[in-house]
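Below you'll find the structure, written out as structure tokens, and then a few comments.
Nothing in this text is a laboratory measurement; each read-out follows from the coordinates by a stated rule. All of these numbers come straight from a predicted model, not from anything done at the bench. Heads up, the Cβs are rebuilt from the backbone with ideal geometry, glycines too, and the neighbour counts pull from every protein chain shown.
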Amino acid sequence: MPEILQFKIPIPPLPIQEEIVKILDSFTELEAELEAELEARKKQYEHYYKKLLKVDGDVKQITLSEVGKISMCKRIFKNETLASGDIPFYKIGTFGKDPNAFISQKIYDEYRKKFSFPKKGDVLLSASGTIGRRVIYNGEPAYFQDSNIIWIDNDESKVLNKFLYYLYAAVEWKTEGGTIQRLYNDNLKKIKIPVPPLAEQERIVSILDKFDALVNDISIGLPAELKARRQQYEYYRGKLLAFEEFKK
């Protein structure tokens, strides 16, 4: 006899089964409604994203070279990396994720002092592989792979970093290379971006921040609510389907 046929399952009276199914169905329906609402909000977000960042003929445009100097960290060689250590070292494969390499505090302190290093708030950008991934540097100790991860040394006198962060997602990057695409500095410098007044940039950032939190932030907004409902469903499913064996 197949082993699966020997498994025992609880069989409460039919009215109780119906009530359990009704309760669990209500959780499933609520989850489906939240997923549909999240999808609708994502489409709404994309609509406003394109609309707010649309280039208007009256809006001044400048090249990225006019925003600031394109910068990168000093090269870290393989023999300078550690499997574990004090300072996370982000390579192109771990950019925006968890690090799998580290450098010593000594190298970090020395290189940060002597060479280019991002300021808190600078927008880090992937220039190899998946082009255009961006991360806002949070100021915590970390080091980034040279040439593959770059940033513009921006004093925010013309463009807010957060506005630049959103613009990057709408840019059509001109890349070169074969299997692994690259975004070279010369091409990056020539890219033109719209630069409305700073007050207008702040307004646009405020709107997009709200949409971004609503559809992407797992600690607030719809993703958080959807996660909570799934956990609630799993909790009640476990409770409702847990029965003590009846002994004759």
**Q.** Simple spin-label estimate for LEU240 and GLU19 in nanometres, 7 Å along Cα-Cβ
**A.** 1.2 nm
Q: For the chain, set up a Gaussian network in which alpha carbons nearer than 10 Å are linked by springs, and say which option among GLU19, GLU202, GLU234 fluctuates the most.
A: GLU19
Q.
Give the lysines whose C-alpha is closer than 16 Å to that of LYS119, dropping any in the same chain fewer than 8 places away, or say none.
A. LYS69, LYS74, LYS162
Q. Which whole-Hz ³J(HN,Hα) couplings does the range 138-150 yield from phi under the Karplus relation 6.51 cos²θ - 1.76 cosθ + 1.60, θ = phi - 60°, glycine and proline marked x?
A. 8, x, 7, x, 6, 9, 10, 4, 5, 6, 7, 10, 10
Q. Relative contact order (percent) for the range 63-194, with alpha-carbon contacts under 8 angstrom and 6 or more residues of separation?
A. 33 percent
Q | Estimated vicinal HN-Hα couplings, Hz - the range 125-136 in sequence order (Karplus 6.51, -1.76, 1.60; Gly, Pro = x) | A | 9, 7, 10, 8, x, 7, 6, x, 5, 9, 9, 7
Q: Once you've got the GNM for the chain with C-alpha springs shorter than 10 Å, pick whichever of GLU172, GLU225, GLU18 has the biggest mean-square fluctuation.
A: GLU18
Q) Which value at 222 nm does the chain reach when only helices count, each DSSP H run of 4 or more adding -39,500 (n - 2.57), with the total divided by all residues and rounded to the nearest 500 deg cm²/dmol? A) -14000 deg cm²/dmol
Q) Does the range 2-161 come out rounded, prolate or oblate, given a ≥ b ≥ c as the square roots of the eigenvalues of its C-alpha gyration tensor, rounded meaning a/c under 1.5 and, failing that, prolate meaning a/b above b/c? A) oblate
Q) Among LEU125, LEU222, LEU24, whose mean-square fluctuation peaks in a Gaussian network model of the chain (Cα, cutoff 10 Å)? A) LEU24
